[in-house]
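Trainee: Once you've had a glance at the structure underneath, I'll fire off some questions.
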Amino acid sequence: MDPLNPSPIDPNLAIKSTIWIFTSVAALFLALRLYCRRRGSGFHWDDTVLTASWAALFGYVILVTIVLDKTANQVNRQSSGPIRIRLEDINTIATLGLCSQTLAITAQSWSKTSFAMTLLRISDGWLKRFLWFVLCSMNLLFGLRALFLWVGCQPLEKAWHPRVGGSCWDSSVDIALGISVGAYSGVMDIVLALIPWKIILPLKMKPREKLGCAIAMSMGIFAGIVTFIKCSKIPLLGGGGTRQFLQLTIWGVIEPAVTIMAASVPAMRVLLRNTAAKRRTPPEKGEEGHELKTTPHENKPSNSAAATWGSRFASWASTVTTRGSIAASTAPLTRGSNNAPR
């Protein structure tokens with residue numbers, strides 16, 4: 001902090017506090033999700049991918065913290081102009097910057113991939129094919145975005161050794177690519193948040209339960225909002241100012257953190273529902289928890305696609321009940337369809 005212009009807030013400390021708080025909260029949501037899965041249906045590939053996404057986010061925050069520590073004096077004194085880095089630190093900071101941006105892109109991609117994989121488990125037909133398209137297209141675009149960070153200079157070494165002679169792509173190319181990938185990602189976030197309504201609305205469930213499940217699985221819309229906000233900050237990088245760079249760094253943490261939280265909410269909702277049910281009604285006949293109840297008409301044959309989605313969703317949504325409870329709650333739905341998964 002400049003002693004001639006004291007400020008009550010240290011920008012460096014404020015930024016580090018913000019990114020570590022969001023990372024810690026995302027870790028808490030992820031831990032609760034994994035706890036619910038362990039108590040219920042067990043772990044699946046979407047849990048593994050989401051955990052890997054948080055690990056990438058954690059690595060990104062560590063590298064950003066190191067860079068902020070190395071540029072602490074410059075960040076505090078130059079809030080509007082570009083950061084002035086000592087010559088001996090240029091190569092180190094450039095390398096750390098490329099690695100951190102790669103981890104940030106990986107965290108964003110895998111967190112969205114995890115939720116798409118969750119929807120794949122309870123979808124069928126054309127909807128499953130569409131989800132595969134979303135999953136593959138997002139990973140392809142994010143992969144290219146990360147690759148271009150490393151191959152945008154001639155020679156390639158200049159990307160992480162800026163003092164080497166050569167040339168790099170104009171910053172406008174990187175900005176345009178970042179906005180394009182971010183905009184597509186934001187649109188897909190909103191689409192993935194709406195898909196659960198398509199799956200859940202046809203099911204024969206109590207209206208209140210149906211609404212609660214749909215809302216819990218639509219939290220990804222907040223990830224889409226965050227993504228669009230981040231896209232609006234990308235053009236500011238053209239000015240090369242410290243403040244703009246730090247804003248984008250913060251939003252780069254918030255985006256995957258919010259996506260991880262949103263992907264963890266459905267499992268947490270089931271946990272809260274069963275906890276409330278235990279408090280309202282004492283256990284009977286030695287059984288604990290809340291079992292899904294089916295009405296008599298659910299035992300009749302129904303539409304094949306709806307029955308398939310219904311049985312898969314019932315199995316997925318009951319993640320905190322025992323395996324015996326899951327089998328009991330989904331048995332009527334399974335008998336109602338020859339295509340129901342076993």
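Trainee: Step through the table entries LYS112/LYS206; LYS16/LYS158; LYS112/LYS210; LYS112/LYS230, compare each Cα-Cα distance with 21 Å, and write down the pairs that go over it.
Mentor: Details: LYS112/LYS206 29 Å; LYS16/LYS158 29 Å; LYS112/LYS210 24 Å; LYS112/LYS230 16 Å.
Long pairs (Cα-Cα over 21 Å): LYS112/LYS206; LYS16/LYS158; LYS112/LYS210.
Trainee: Find how much the distance from THR18 to ALA55 grows on full extension, using 0.36 nm per residue of separation minus their present alpha carbon separation; answer in nm with one decimal. Walk me through the numbers on the way to the answer.
Mentor: Working: separation 37, 0.36 × 37 = 13.32 nm, distance 1.77 nm.
Once the chain is fully extended between THR18 and ALA55, it gains 11.6 nm.
Trainee: Just to confirm a number: summing +1 for Lys and Arg and -1 for Asp and Glu over residues other than VAL164 whose beta-carbon lies under 12 angstrom from that of VAL164, what do you get? Don't skip to the end; give the middle numbers.
Mentor: On the way: positive: LYS158, ARG163; negative: GLU157.
Computed value for this residue: +1.
Trainee: Work out Dmax and Rg for region 11-275 from the C-alpha atoms and quote the Rg first, both in angstrom.
Mentor: Every Cα atom of region 11-275 included, Rg and Dmax give 19.9, 68 Å.
Trainee: Within region 48-67, name every residue whose backbone N is under 17 Å away from a label modeled 7 Å from Cα of LEU34 along the Cβ vector.
Mentor: Backbone N within reach: 48-60.
Trainee: If you don't mind, there's one more thing I want to ask. If you add up the charges near ILE221, with Lys and Arg at +1 and Asp and Glu at -1, over every other residue whose beta carbon is less than 14 angstrom from its beta carbon, what do you get?
Mentor: Numbers: positive: LYS112; negative: ASP189, GLU255.
With Lys, Arg at +1 and Asp, Glu at -1, the neighbours total -1.
Trainee: Let me check I've understood the local charge: for GLY252, count other residues with C-beta under 13 angstrom from its C-beta, Lys and Arg +1, Asp and Glu -1. What total comes out? Present the calculation step by step, with values, prior to reporting the outcome.
Mentor: Numbers: positive: ARG145, LYS230, LYS233; negative: GLU255.
Within the 13 Å Cβ shell, the charges total +2.
Where a number appears in this text, it was derived from the coordinates with a stated rule and is not lab data. Please read all numbers here as calculations on a predicted model, not as lab measurements. Every residue, glycine among them, receives a Cβ derived from its backbone with ideal geometry; neighbour counts consider all protein chains shown.
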